[in-house]
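J.: One structure is given below, represented as structure tokens, and several questions about it will come after.
The values are calculated or read from the model by the stated rules, or taken from the named source; none is laboratory data. No experiment lies behind these values; they were computed from the predicted model shown. Here the Cβ is made from the backbone with ideal geometry for all residues, glycine too, and neighbour counts use every protein chain on show.
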Amino acid sequence: MANYEDIFKKVVAHAKEYGFVFQSSEVYDGLGAVYDYGPYGSELKNNIRTYWWKSMVNMNENIVGIDAAIFMHPTTWKASGHVDAFNDPLIDNKDSKKRYRADVLIEDHTAKIENKIEKEVKKAAKRFGNSFNQEQFINTNPRVLGYKEKISAIMARFSKAMENDDLADIKTQIEELGIVCPVSGTKNWTNVRQFNLMFKTQMGSTADGANDLYLRPETAQGIFVNFLNVQKTARMKIPFGIAQTGKAFRNEIVARQFIFRMREFEQMEMQFFVRPGEEIQWYEHWKDARIKWHHSLGMGEENYRFHDHENLAHYANAACDIEFKFPFGFKELEGIHSRTDFDLKSHQEHAGRKLQYFDPEINESYVPYVVETSIGLDRMFLTILSHAYNEEKVNGDTRLVLNIPAMLAPVKAAVLPLTKKDNMPEKAREILKELQCDFNCQYEEKDSIGKRYRRQDAIGTPFCITVDHQTLEDNTVTVRDRDTMEQSRVSIDKLHSIISKKVDIKNYLQ
Ligand code: GAP
């Protein structure tokens with residue numbers, strides 16, 4: 001595990017050093033689990049958002065986008081169930097005075113058992129060499145099966161306790177599993193309590209008449225309450241979807257692992273409205289479409305897996321997560337939920353207004369069922385950054401490179417005059433001007449060309465374009481590829497199409 005932790009620490013340090021992510025209000029020693037995106041980070045984040053938006057909204061005839069406000073009428077959160085049930089079970093260690101989420105303590109415990117499985121697999125792979133069949137081994141090896149059973153039993157008991165609001169049993173389970181506080185090392189735990197995760201604020205004057213509001217904990221409700229507005233004005237026919245991206249806020253008890261769990265974060269959500277009875281078929285459709293979207297980025301299919309929810313929330317009739325292998329293990333990246341008609345029906349009741357659709361094909365009005373896809377933009381950012389981070393040995397040196405998918409790279413090309421003399425800077429700026437309308441490009445003339453290449457590698461720039469003496473004679477430049485480090489000489493008028501080909505969204509979405 002130490003190795004993974006080391007890599008993760010390096011990724012976090014790299015994100016700061018190269019202007020991807022800073023701690024919020026760092027001059028005041030920071031604010032817990034709130035982060036700011038720097039020059040390269042904000043570009044990368046925009047590019048991820050655009051990729052999601054294009055593939056979900058622009059490339060689907062039956063999906064449209066909205067941009068709802070963060071503030072919503074307070075009854076929204078009563079109707080959605082968040083006022084009563086958006087809680088995390090928390091527990092304190094009496095010796096260290098540290099607070100933990102009970103579910104996270106249990107999850108960390110099962111992750112340790114999963115590590116044991118991984119170790120068994122690695123050992124066996126080494127022993128059996130080429131003849132090793134991993135799937136067969138995992139499904140038949142008694143030790144692995146034992147570990148898997150242990151994990152299932154732990155999760156089943158925990159889910160049951162959560163479902164029955166049996167907080168006492170959660171505490172007993174933590175004690176029986178021998179879970180100790182990572183800080184004090186003791187098992188001296190308080191009782192488990194429920195803690196609501198919504199941030200409260202006020203609208204209007206603070207004297208009488210001020211309304212208690214919440215910062216939205218999910219963007220989805222802005223879509224539900226606008227369902228009829230959108231359906232009517234955009235003349236949508238079921239099945240159709242409404243998508244949006246935007247900030248969400250949760251007062252997370254345990255905010256750890258950098259931007260994995262934040263108190264202010266961004267979601268990219270889509271609610272797909274369907275005929276009752278057809279939701280499971282659409283749920284399967286969106287599971288398939290979303291995993292393909294992730295695979296399209298070429299970050300290794302083996303790094304993703306589905307995790308079906310064993311105990312469903314009261315409003316869901318199917319739900320799963322897409323998990324990604326972060327440096328700290330497989331964790332939730334995206335949720336896909338079949339939410340039935342729970343939200344629309346509940347808003348209908350609380351608002352006293354009909355939220356129904358008249359289906360001309362079957363001549364019937366009904367409250368549609370909803371399948372939702374919900375992904376955290378910051379979490380997606382972390383998958384890209386942690387997967388892209390590579391330390392390569394080159395001629396006895398270490399090259400630090402971010403192999404970010406070219407389409408998402410913050411800077412697509414750097415234009416570099418070999419020296420500051422002989423009209424090279426002017427020529428380089430001419431090239432920059434030609435390209436910067438379509439691609440985010442950078443001009444750099446400081447330091448040796450080798451150092452400049454390395455700096456661009458470290459922020460993941462796919463192309464370095466160098467202007468040299470020959471450029472001034474025949475209008476050609478060298479183009480260096482970030483991944484192969486190969487250089488080729490090309491005519492300046494080919495640059496646009498070379499970059500375009502590499503960063504084109506069509507390369508990714510077939
Ligand atoms: N509307 C459904 C919903 O909000 P969720 O599973 O609570 O479902 C969806 O959240 C996604 O939002 C998660 O899969 C994760 O990517 C992201 N997310 C949730 N809480 C987060 C947090 N505290 N920090 C960063 N991302 C978070």
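J.: If you check LEU213 against the conditions, is it hydrophobic (A, V, I, L, M, F, W, C), surrounded by 14 or more Cβ atoms within 10 Å (Cβ to Cβ) and under 30 Å from LEU382 (Cβ atoms)? Working first, answer last.
T.: Values: hydrophobic (A, V, I, L, M, F, W, C): yes; surrounded by 14 or more Cβ atoms within 10 Å (Cβ to Cβ): yes; under 30 Å from LEU382 (Cβ atoms): yes.
Spelling it out, LEU213 is indeed hydrophobic (A, V, I, L, M, F, W, C), surrounded by 14 or more Cβ atoms within 10 Å (Cβ to Cβ) and under 30 Å from LEU382 (Cβ atoms).
J.: Further, regarding this structure: Determine whether ASN196 is among the polar types (S, T, N, Q), within 24 Å of the chain's Cα centre (by Cα) and either within 16 Å of the ligand (Cβ to nearest atom) or surrounded by fewer than 16 Cβ atoms within 10 Å (Cβ to Cβ) (or both). Spell out how you get there, then give the answer.
T.: Values: among the polar types (S, T, N, Q): yes; within 24 Å of the chain's Cα centre (by Cα): yes; either within 16 Å of the ligand (Cβ to nearest atom) or surrounded by fewer than 16 Cβ atoms within 10 Å (Cβ to Cβ) (or both): yes.
Yes.
J.: Right, something else. Is there a residue in the range 410-422 that is out of contact with any strand residue (DSSP E or B) (no Cβ under 7 Å at 6 or more places or on another chain), under 30 Å from ARG261 (Cα atoms), touching a residue at least 60 places away in the same chain (Cβ under 8 Å) and within 16 Å of the ligand (Cβ to nearest atom)? So that I can check it myself, show each step before the final result.
T.: First, pick out the residues of the range 410-422 that are out of contact with any strand residue (DSSP E or B) (no Cβ under 7 Å at 6 or more places or on another chain): 410, 419-422.
Still in the running and under 30 Å from ARG261 (Cα atoms): 410.
Checking which are touching a residue at least 60 places away in the same chain (Cβ under 8 Å) leaves us with 410.
Then keep just the ones that are within 16 Å of the ligand (Cβ to nearest atom); that gives none.
Looking through the range 410-422, none of the residues is out of contact with any strand residue (DSSP E or B) (no Cβ under 7 Å at 6 or more places or on another chain), under 30 Å from ARG261 (Cα atoms), touching a residue at least 60 places away in the same chain (Cβ under 8 Å) and within 16 Å of the ligand (Cβ to nearest atom).
J.: Just give me the residues in the range 416-435 being outside any loop (DSSP other than H, G, I, E, B), out of contact with any Phe, Trp or Tyr (no Cβ under 9 Å at 6 or more places or on another chain) and surrounded by fewer than 19 Cβ atoms within 10 Å (Cβ to Cβ), in sequence order.
T.: Listed by number, the residues that qualify are GLU426, GLU430, LYS433, GLU434.
J.: Let me ask something else about it. Tell me, which strands (runs of 3 or more DSSP E) lie completely within the range 436-510 with 3 or more residues that are more than 29 Å from the chain's Cα centre (by Cα) and buried (at least 19 other Cβ atoms within 10 Å of the Cβ)? Give the steps one after another, and end with the answer.
T.: Details: elements: 441-443, 463-467, 476-481, 487-491.
Filter on the range 436-510 gives 463-467, 476-481.
J.: Now for a separate question. Scan the range 168-205 residue by residue and report those that are β-branched (Val, Ile, Thr) and assigned to a loop (DSSP other than H, G, I, E, B). Before you say what the answer is, go through the steps one by one.
T.: Applying the first criterion (β-branched (Val, Ile, Thr)) to the range 168-205 yields 170, 172, 174, 179-180, 183, 186, 190, 192, 201.
The answer is ILE179, VAL180, VAL183, THR186, THR190, VAL192.
J.: Against the conditions (1) assigned to a helix (DSSP H, G or I); (2) touching a Ser or Thr at 6+ places or on another chain (Cβ under 8 Å), where does LYS123 fall short? Just the number, please.
T.: (2)
J.: For the range 256-278, name all the residues that are within 7 Å of the ligand (Cβ to nearest atom) and surrounded by fewer than 17 Cβ atoms within 10 Å (Cβ to Cβ).
T.: none
J.: Exactly one of (1) out of contact with any Ser or Thr (no Cβ under 8 Å at 6 or more places or on another chain); (2) within 16 Å of the ligand (Cβ to nearest atom); (3) assigned to a strand (DSSP E or B) is unmet by LEU400. Its number?
T.: Of the numbered conditions (1) out of contact with any Ser or Thr (no Cβ under 8 Å at 6 or more places or on another chain); (2) within 16 Å of the ligand (Cβ to nearest atom); (3) assigned to a strand (DSSP E or B), the odd one out for LEU400 is (2).
J.: Picking from ILE63, ILE70, which residue would you name as being surrounded by 15 or more Cβ atoms within 10 Å (Cβ to Cβ) and either free of Cβ contacts under 8 Å to residues at least 24 places away in the same chain or of a type in the set (A, V, I, L, M, F, W, C) (or both)? Let's see the steps before the verdict.
T.: Numbers: ILE70 fails: surrounded by 15 or more Cβ atoms within 10 Å (Cβ to Cβ).
Result of the check over ILE63, ILE70: ILE63.
J.: Of the residues that make up the range 372-394, is at least one acidic (Asp, Glu), in a strand (DSSP E or B), within 16 Å of the ligand (Cβ to nearest atom) and not assigned by TED's automatic domain parsing to the domain that holds TYR453? Explain how you work it out, then say what you get.
T.: Applying the first criterion (acidic (Asp, Glu)) to the range 372-394 yields 372, 378, 391-392.
Subsequent filtering for residues that are in a strand (DSSP E or B) retains 372, 391-392.
If we keep only those that are within 16 Å of the ligand (Cβ to nearest atom) too, we end up with 372.
When the remaining residues are screened for being not assigned by TED's automatic domain parsing to the domain that holds TYR453, the result is 372.
Looking for residues that are acidic (Asp, Glu), in a strand (DSSP E or B), within 16 Å of the ligand (Cβ to nearest atom) and not assigned by TED's automatic domain parsing to the domain that holds TYR453, one finds at least one in the range 372-394, hence yes.
J.: Considering only the range 95-108, I want to know if a residue exists there that is over 23 Å from ASP169 (Cβ atoms) and in contact with a Phe, Trp or Tyr (Cβ under 6 Å, 6 or more places away or on another chain).
T.: So far as the range 95-108 goes, no, none of its residues is over 23 Å from ASP169 (Cβ atoms) and in contact with a Phe, Trp or Tyr (Cβ under 6 Å, 6 or more places away or on another chain).
J.: Still on this structure, please answer the following. Could you tell me how many of the residues in the range 302-358 are among the aromatic types (Phe, Trp, Tyr), assigned to a strand (DSSP E or B), within 14 Å of the ligand (Cβ to nearest atom) and surrounded by 17 or more Cβ atoms within 10 Å (Cβ to Cβ)? Let's see the steps before the verdict.
T.: Kept after step one, since they are among the aromatic types (Phe, Trp, Tyr), are these residues of the range 302-358: 304, 306, 315, 324, 326, 328, 330, 342, 357-358.
The next check asks that each one be assigned to a strand (DSSP E or B); those that pass are 304, 306, 324, 326, 330, 357-358.
Next, from what is left, pick out any that are within 14 Å of the ligand (Cβ to nearest atom): 304, 306, 324, 326, 330.
Going one step further and asking which of them are surrounded by 17 or more Cβ atoms within 10 Å (Cβ to Cβ), we end up with 304, 324, 326.
So the answer is 3.
J.: What number of residues in the range 97-140 are closer than 26 Å to GLY178 by Cα and either at pLDDT below 90 or out of contact with any Leu (no Cβ under 9 Å at 6 or more places or on another chain) (or both)?
T.: If we filter the range 97-140 for residues that are closer than 26 Å to GLY178 by Cα, which is where we start, we get 97-121.
With the extra rule that they be either at pLDDT below 90 or out of contact with any Leu (no Cβ under 9 Å at 6 or more places or on another chain) (or both), the set shrinks to 97-98, 103-104, 107-108, 110-121.
Residues flagged as closer than 26 Å to GLY178 by Cα and either at pLDDT below 90 or out of contact with any Leu (no Cβ under 9 Å at 6 or more places or on another chain) (or both) within the range 97-140 amount to 18.
J.: Could you identify the single residue in PHE8, PHE20 that is modelled with pLDDT under 95 and surrounded by 15 or more Cβ atoms within 10 Å (Cβ to Cβ)? Outline the logic, then answer.
T.: On the way: PHE20 fails: modelled with pLDDT under 95.
After ruling out the rest, the residue left standing is PHE8.
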